[in-house]
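First the structure, in the form of structure tokens, and then the observations on it.
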Amino acid sequence: MKYIDFHTHTYPDQPDKITAILSCVAPEPLTSFKNGILLSYGIHPWYIEGQDPEKLMAQVKEAAHYNRVVAIGEAGLDKVKGPPIDVQKRLFSQQIEISELVRKPLIIHTVKANNEVLLFHKNFAPKQPWIIHGFSGHPQEMEQFVGAGFYLSFGPRILYQEHKAAESLKQIPADKFLLETDHTNKSILRVYEKAAEIRGISLKKLAFTIENNFNALISIP
Ligand SMILES: [Zn+2]
């Protein structure tokens, strides 16, 4: 049984047990990442400040073609941190186009911008799947995204039972979710155990479900 950490910023501590997608943020070059690990590559709204957006975009365009880059992102919109929303929107739409061009899914970071992200999805009508990473919304938000065809990836917030994200995870259709550790030092095993408990299924069944979802989204080189 393999655990899948759909979105992380650190190398998995047990590579034989964990398949991870490491989130690489431009302008970090691909060459600084070990071989044999799956990557996503994109412009994160937090790290645009002080950079030349054209140069960052050129890097994303190039990285997008590499086999080990299995997804574009994390890209997206953040109304709390980052440059003016217009700048973020422009870079987001360019990354949507790259995702469509190279036929790789888009991993999305959204903070207080869910409606905008939904609107982008409606307007672009992308063929590639979109995944909201670190989803922490309540069940109504979950339903909105799932209804529009999105996948949701849940992180360590679900470890807090009372958190609205745990309730969303409990209710989301089995073929629409993934799990991740993101910037935390929490173990993906722990997130799996909690997710199995929340959904009232065995760890084995959960792992099987997530593996299927992962395979539906990601082509491994
Ligand atoms: Zn991240």
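Just so you know, all these numbers are worked out from the coordinates, no wet-lab data involved. This is a predicted model, so every value here is computed, not measured. Heads up, the Cβs are rebuilt from the backbone with ideal geometry, glycines too, and the neighbour counts pull from every protein chain shown.
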Listing 106, 217 by rising number of other beta-carbon atoms within 10 angstrom, fewest first, gives 217, 106
Debye calc, one equal point scatterer per Cα of the stretch 3-217, no solvent, log10 I(q)/I(0) at q = 0.18 1/Å comes to -1.35
Is the shape of the stretch 38-122 best called rounded, prolate or oblate, per the rule: a/c under 1.5 gives rounded, else a/b larger than b/c gives prolate, else oblate, with a ≥ b ≥ c the square roots of the Cα gyration tensor eigenvalues?
oblate
Using the structure shown, select from 2/194; 81/104; 34/176; 104/170; 55/112; 17/205 the pairs with a Cα to Cα distance greater than 18 angstrom.
81/104; 34/176; 104/170; 55/112
What list do you get for 151, 192 if you sort them by fewest beta carbons within 10 Å?
192, 151
Fewest-first sequence of 175, 5, 16 by Cβ atoms within 10 Å of each Cβ:
16, 175, 5
Part-to-part distance (alpha-carbon centres) for the stretch 49-106 and the stretch 1-38, which is given in Å:
19 Å
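State whether the stretch 148-221 is rounded, prolate or oblate according to the following rule on the C-alpha gyration tensor (a ≥ b ≥ c being the square roots of its eigenvalues): a/c under 1.5 gives rounded; otherwise a/b larger than b/c gives prolate, and the remaining case gives oblate.
rounded
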